[in-house]
Amino acid sequence: MNLATRHAIFALGILGALVVSGTKTALAGASAPVESSMSPAPPPLKAARTIDLPGEGQRPYVMGLSFSPDGRYLGIVEKLADGSNAVVVWDVQEDRMRSHIAISRSFSDYPGVELTWTPDGKYLTFGNSGRTYPIQFWNPMTGALAKEAPASVSAYALHFNSDGSKVLAENAPIARSSVFRIYNVDDWSYQEVDEKDLYIRALSWVGDSQVLVLGSVRRNEAGAEATAQSAKLGFKENDAVARLIDLTGQRPPTTVMLAPSLPHVVERNGVSRTWYEDQLVSFPFLLPDHQGGRVLAGFGHIISTKTMDVLTYASIDELVTHKYPGELDQRNASISPDGAYIYLKGSARPGSNEARNLVLDANTGKPAFWFKGGHESIAVSPDGKWLATGDGSSISIARIE
């Protein structure tokens with residue numbers, strides 16, 4: 001399968017400069033006037049690259065984007081006209097396709113399932129959505145299937161530790177499980193962790209010895225032990241919490257509130273009953289920076305993993321109703337390598353095919369600047385040099401200088 005590329009001026013409306021490691025930098029792109037509460041500054045004009053995904057009849061469209069650990073390659077998940085999936089590996093440095101991977105099974109539309117590189121960049125993979133088929137690993141340079149995990153390994157999403165020796169296996173958020181597993185990649189043996197008082201909704205590594213868990217407190221009928229543990233911590237059923245777990249057991253877990261459950265009174269046959277609504281959306285996620293200092297919780301929170309302080313940048317209502325940019329899926333969010341900025345993909349306004357995206361200052365939770373681009377997916381390279389946005393059957397790549 002051949003890919004055609006075209007060079008064009010890619011409109012990125014930028015208001016203000018991006019500060020990374022103490023130096024002012026700006027995203028490459030052509031300027032466009034965009035509303036902002038900040039003092040306007042003339043944005044620079046830069047050329048950007050666009051990758052087109054060709055196809056006969058109905059063209060494929062972009063489902064996900066993922067940069068390699070060194071930032072040189074971009075993995076592109078495409079959905080073909082017949083409903084099947086493929087992965088294109090694009091060499092950003094040489095501006096050409098490196099490989100095309102035909103996938104024998106479906107790449108799930110569920111949020112949370114994402115294309116994942118191993119830390120050494122040697123393999124590409126993604127979770128099996130909790131199904132029974134084996135997790136596959138492809139060679140991104142050749143497109144060949146390199147190896148498979150045993151069919152017994154079940155993971156909705158995969159998260160590797162820093163050296164790739166272990167993988168954190170995440171269950172589907174709707175599974176309502178309190179258990180997660182950490183697999184040893186060499187033999188797929190595992191350690192099982194049971195947080196009895198939580199329904200686990202998302203997981204993330206914090207360094208190599210800690211795991212951050214996003215979940216909701218289990219209902220009373222979950223059992224006396226779980227209820228007593230939650231009550232001791234000061235939480236009630238369906239409270240949304242984040243918990244930092246030390247896998248070595250040297251430090252006790254730290255649990256913080258993210259969103260309290262909301263009480264509702266229901267009357268039936270003259271009997272009133274109060275139940276508590278879980279404010280966690282159906283598919284929350286955790287997105288860590290590359291230095292282990294911050295984690296973006298995909299329903300309006302930024303968590304400091306060093307202090308477990310929580311910064312709220314948007315309400316759940318603002319996210320669910322799209323009043324605030326950034327849809328509830330990690331394919332639609334990215335974080336700068338130093339953890340200073342969070343990129344949120346916006347939705348296209350009525351009558352427009354162009355999304356209005358937002359970059360947040362992770363220290364304050366306030367908007368840093370806006371930019372225009374695609375509305376399918378967004379990714380920032382781990383080396384901080386590239387920004388990619390998916391738009392239908394094309395991917396726009398801008399250089400962060």
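The values are calculated or read from the model by the stated rules, or taken from the named source; none is laboratory data. Not measured: the values here are computed from a predicted model. Cβ sites come from the backbone with ideal geometry, for glycine too, and all protein chains shown count toward neighbours. For the accessible areas, the whole protein counts, side chains as well, though only heavy atoms, and no ligand, DNA or RNA atoms are used. Shrake-Rupley method; radii C 1.70, N 1.55, O 1.52, S 1.80 Å.
Let's see how each residue does on (1) open to solvent by 50 Å² or more (accessible area, probe 1.4 Å); (2) more than 25 Å from Pro382 (Cβ to Cβ); (3) at pLDDT 95 or above:
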position: Asp82; (1), (2), (3): yes, yes, no
position: Val89; (1), (2), (3): no, no, yes
position: Glu94; (1), (2), (3): yes, no, no
position: Met97; (1), (2), (3): yes, no, no
position: Ile103; (1), (2), (3): no, no, no
position: Val113; (1), (2), (3): no, no, no
position: Phe126; (1), (2), (3): no, no, no
position: Tyr133; (1), (2), (3): yes, yes, no
position: Ala155; (1), (2), (3): no, no, no
statement: Checked segment 343-352 for anything in a strand (DSSP E or B), at pLDDT 75 or above and either under 16 Å from Gly392 (Cα atoms) or open to solvent by 10 Å² or more (accessible area, probe 1.4 Å) (or both); matches are none
message: Looking only at residues that are among the hydroxyl-bearing types (Ser, Thr, Tyr) and assigned to a strand (DSSP E or B) in segment 237-278, which one is modelled with the lowest pLDDT?
response: Tyr276
message: Of everything in segment 60-80, what is in a strand (DSSP E or B), open to solvent by less than 10 Å² (accessible area, probe 1.4 Å) and closer than 18 Å to Pro119 by Cα? Give them in sequence order.
response: Leu74, Gly75, Ile76
task: Could you grab the pairs with beta carbons closer than 7 Å, sequence gap of 6+ or different chains, first residue in segment 177-198 and within 17 Å of Arg218 (Cβ to Cβ), second one outside any strand (DSSP E or B) and among the small types (Gly, Ala, Ser)?
output: Asp194/Ser178; Glu195/Ser178; Lys196/Ser178; Lys196/Ala226; Asp197/Ala226; Asp197/Ser230; Leu198/Ser178
task: Can you tell me which residue within segment 364-379, out of those that are small (Gly, Ala, Ser) and modelled with pLDDT of 85 or more, is nearest to the chain's Cα centre (by Cα)?
output: Ala379
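Out of curiosity, is Ala355 out of contact with any Cys (no Cβ under 8 Å at 6 or more places or on another chain) and at pLDDT 75 or above? Don't jump to the end; show me each part of the working.
Numbers: out of contact with any Cys (no Cβ under 8 Å at 6 or more places or on another chain): yes; at pLDDT 75 or above: no.
So Ala355 fails the test.
Surrounded by fewer than 23 Cβ atoms within 10 Å (Cβ to Cβ), within 19 Å of the chain's Cα centre (by Cα) and at pLDDT below 80: which single residue out of Asp361, Asp383, Asp329 fits that description? Walk me through how you get there before you give the answer.
Values: Asp361 fails: at pLDDT below 80; Asp383 fails: at pLDDT below 80.
The conditions single out Asp329.
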query: Within segment 176-199, how many residues are surrounded by fewer than 15 Cβ atoms within 10 Å (Cβ to Cβ) and out of contact with any Ser or Thr (no Cβ under 9 Å at 6 or more places or on another chain)?
result: 5
query: When both residues are 6+ apart or on different chains and their Cβ atoms are under 8 Å apart, which pairs have a first residue that lies in segment 296-314 and is at positive phi, and a second that is assigned to a strand (DSSP E or B) and of a type in the set (Val, Ile, Thr)?
result: Gly300/Thr312; Met308/Thr254; Met308/Val256
